[in-house]
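Below you'll find the structure, written out as structure tokens, and then a few comments.
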Amino acid sequence: MGKTISFAKGKGNIRHNNRDFFTDNIDRDRTPNNITYVKQDLEAAYDEIFGQALQDYNAKQKRSDRKIESYLEHIRKSKNGEQLFHEVIVQLGDKDDSGFGTSDFSRCRAVLDRYMENFQERNPHVHVFNAVMHLDESTPHLHISFIPVAKDYKRGLSVRNSLSKSMEIFANENQKVGILGWYEQERQILKEYAKDLDIEISQKNERRPHLSLSEYKEVREEIKTLEKAKNDVKKQINQLAQENLEPLKNIKEFDNHYTPNVILGRVSEKEYQKLKDVTLKYYVENANLKSRIPDLESRLKNSNLYYERENQRNVELVKELKEVKSELAKIKEEKSDVEWEFSNYKRKVEAFRKSAVFFREVVESFLHSRGWVDKFNVFLEERKRERDKEQEPKKTKRIIRSKSKDRGMER
């Protein structure tokens, strides 16, 4: 039987991964055997990934309140759902077939080690800042902590932390959500490495590639119910098929085959008649049971069709849900950009308002210092009257045209 592959989302407990503290399931004597591939401070990782983009962005800002001092803190305080980093846990086999003490423990370790060697090189859309293989627990497994790297933004920072955008390259017609496509790619790579060491893989939950855990469990319960009904019907059919006795066509045929002289010897006629009645009753019951076979087979077929329809419906609903979630992620990202632009616009409006107030105060101060306030007011009144006169002919023309039109309609 093949081993399973587990490629699951982790909790992201870096201190646990690096064994800064120990839990009860850890064998401390084997902790020195753990393999650390990457161990980088999170702040240093952010500076390496986003430092240049942040510097370029801040250089374009004319106002200090628009600058971002720390992108890490900016993401930490964000309300758009971004996470500082993500983690995946990769495991080959389980404690029964690959756990410590089994013959395949070292082989699984070798596969995971090879898998991790070029992980960063083949996944440039993420930055691995912490990665370790635990060999001091029941089964060898990897903790890979990474920061998603999304590039080519036209507004704001050109490089950002965005899981959905960084995984867009793995989305296609069959897999709308990019990260699920990435999971599938990594599973296939691990499967190939295992194959090189003659390790057979039976991928974990391979029958539910489009279902969530809760949806899969619900469908599996329904399948169990249908399979039980199917097995019960098959059992009844098999029992009936084992009965090779065909019902006699009539009592006369029974008498021709079974007479006291042939099988009953000295049995009395009364006892013979009793045996005859019991036997005929059995034949009738057997015939009735066989007549039920087509109905039972039909019910079995209908159960299978019902299961197939419901399973297809579940797959379609899950597919729609994935598409909606993907669209929601994009909308959230666009919302973040719009909010950024709107905030920038508000700052510009406020700056213009303050400039206008300052200009008015300067003008008023100048007029007062020169004693030109009254003259300026007279000048404004004259300009207002001139403007009103310029607008009066236009209003008059519009009124005349309107009246002429009315007269024409009356005629």
Pick from segment 73-124 the residues that are more than 18 Å from Leu163 (Cα to Cα) and among the aromatic types (Phe, Trp, Tyr): which of them is modelled with the highest pLDDT? Tyr115
Of the candidates Ile179, Ile169, the one satisfying the condition of being touching a residue at least 12 places away in the same chain (Cβ under 8 Å), at negative phi, touching a Leu at 6+ places or on another chain (Cβ under 7 Å) and of a type in the set (Val, Ile, Thr) is Ile179
Can you tell me how many residues within segment 30-68 are acidic (Asp, Glu) and either without any contact (Cβ under 8 Å) to a residue 40 or more places away in the chain or within 20 Å of Glu87 (Cβ to Cβ) (or both)? 4
Count of segment 1-33 residues which are buried (at least 17 other Cβ atoms within 10 Å of the Cβ) and either hydroxyl-bearing (Ser, Thr, Tyr) or modelled with pLDDT of 95 or more (or both): 2
Selected residue [charged (D, E, K, R), surrounded by fewer than 10 Cβ atoms within 10 Å (Cβ to Cβ), at pLDDT 80 or above and over 60 Å from the mean Cα position of the chain (by Cα)] from Asp374, Asp406: Asp374
Boolean, Ile49 is closer than 30 Å to His141 by Cβ, surrounded by 18 or more Cβ atoms within 10 Å (Cβ to Cβ) and out of contact with any helix residue (DSSP H, G or I) (no Cβ under 8 Å at 6 or more places or on another chain): yes
Does any residue of segment 5-19 turn out to be in a loop (DSSP other than H, G, I, E, B) and either touching an Asp or Glu at 6+ places or on another chain (Cβ under 6 Å) or not assigned by TED's automatic domain parsing to the domain that holds Leu163 (or both)? yes
In segment 124-151, how many are within 21 Å of the chain's Cα centre (by Cα) and among the hydrophobic types (A, V, I, L, M, F, W, C)? 6
Is it the case that segment 68-87 has a residue that's closer than 30 Å to Thr4 by Cα, among the aliphatic types (A, V, I, L, M) and touching a Phe, Trp or Tyr at 6+ places or on another chain (Cβ under 7 Å)? no
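The values are calculated or read from the model by the stated rules, or taken from the named source; none is laboratory data. Just so you know, these numbers come straight off a predicted model, no measurement behind them. Positions of Cβ are generated from backbone atoms using ideal geometry, with glycine treated the same way; all protein chains shown enter the neighbour counts.
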